[in-house]
Amino acid sequence: MNAMQTQRVHDRVTGPGPCPTITTARLTLRPHRMSDAGAIAQSLGDFEVSRMLARAPAPYDREDAAEWLSVATTDLNEGWAFAITTGDDVHIGCVAFEWRGDAWHLGYWLNRFYWRRGYMSEAVRAATARFLMRMPGTDIHSGVFADNPASLRVQEKTGFRITGCSDLFCVARGTMVSHIETRLEPGDFRPAPVRQ
């Protein structure tokens, strides 16, 4: 086993630790609760949201959300799954870091009624900053479907670079979709600009 493989095994075994709570200018990112099932089902029940995710089924209902939460809220879960909430604790989305294959992967989604307000960029940058504090020197992989340029902009603003393109099966659409692969390498992270 070479040094890189040894580091990847170590990263998987140790992980980033318990999911923290993060407060930004407009949002609170917190661990999920089982009581979030209704809000998750409402957001992912919208095909405009679920069609941009690889693994979310359509239709998506409360049972799907409860099943996902039963894994995401356990201590045995590897990685973090933040609930993105507004100041009054309204669940509007998710940003997560998950160990898949031999690397950490970033995924996220946002309720459609909160699109185009900069919330996802704010959440992804804050979550990534905290993840990298816990896991310095870690590559983070992600990607977007080619027909989702807004999501690609979120990643580019955070420092992710395009590494390739492939076809990926989208459960909600029931077909293969062109997928842009991205990666954030150590040192490329771009934190949110400091507002005066």
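The values are calculated or read from the model by the stated rules, or taken from the named source; none is laboratory data. Computed from a predicted model, the values in this text were never measured in an experiment. Because the Cβ atoms are built from the backbone with ideal geometry, glycine has one as well, and the counts that use them run over all protein chains shown.
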Looking at this structure, is G159 in contact with a strand residue (DSSP E or B) (Cβ under 6 Å, 6 or more places away or on another chain), over 29 Å from M34 (Cβ atoms) and of a type in the set (G, A, S)? yes
Of (1) more than 21 Å from A103 (Cβ to Cβ); (2) outside any loop (DSSP other than H, G, I, E, B), A172 fails just (2)
Note to self: Any residue that is in contact with a Leu (Cβ under 9 Å, 6 or more places away or on another chain), of a type in the set (F, W, Y) and at pLDDT 95 or above - is there at least one of those in segment 36-58?
What the structure shows: no
By residue number, the members of segment 46-57 that are farther than 22 Å from R100 by Cβ and either surrounded by 21 or more Cβ atoms within 10 Å (Cβ to Cβ) or touching a helix residue (DSSP H, G or I) at 6+ places or on another chain (Cβ under 9 Å) (or both) are D46, E48
Q. Would a scan of segment 179-187 turn up a residue that is touching a Ser or Thr at 6+ places or on another chain (Cβ under 6 Å) and loosely packed, with under 15 Cβ neighbours inside 10 Å?
A. no
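On the given criteria, is F113 over 15 Å from L53 (Cα atoms) and over 11 Å from the mean Cα position of the chain (by Cα)?
yes
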When F113 is run through (1) buried (at least 17 other Cβ atoms within 10 Å of the Cβ); (2) closer than 19 Å to S151 by Cβ; (3) hydrophobic (A, V, I, L, M, F, W, C), the failure sits at (1)
Quick count over segment 14-42, residues being among the hydroxyl-bearing types (S, T, Y) and in a loop (DSSP other than H, G, I, E, B), is 2
Residue set A96, A127, A103, A123; condition under 15 Å from the mean Cα position of the chain (by Cα), surrounded by fewer than 17 Cβ atoms within 10 Å (Cβ to Cβ) and of a type outside the set (D, E, K, R); output residue A103
- Message: Looking at segment 54-66, can you tell me whether even one residue there is in contact (Cβ under 8 Å) with a residue 40 or more places away in the chain and touching a strand residue (DSSP E or B) at 6+ places or on another chain (Cβ under 6 Å)?
- Response: yes
message = Looking at segment 148-158, can you tell me whether even one residue there is surrounded by 15 or more Cβ atoms within 10 Å (Cβ to Cβ), part of a strand (DSSP E or B) and at pLDDT 95 or above?
response = no
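Restricting attention to segment 123-144, which residues are under 25 Å from T85 (Cα atoms) and touching a residue at least 60 places away in the same chain (Cβ under 8 Å)? Outline the logic, then answer.
Our first condition is that a residue be under 25 Å from T85 (Cα atoms); within segment 123-144, this holds for 123-135, 140-144.
Correct list: A123, R125, A126, A127, T128, A129, R130, F131, R134, M135, V144.
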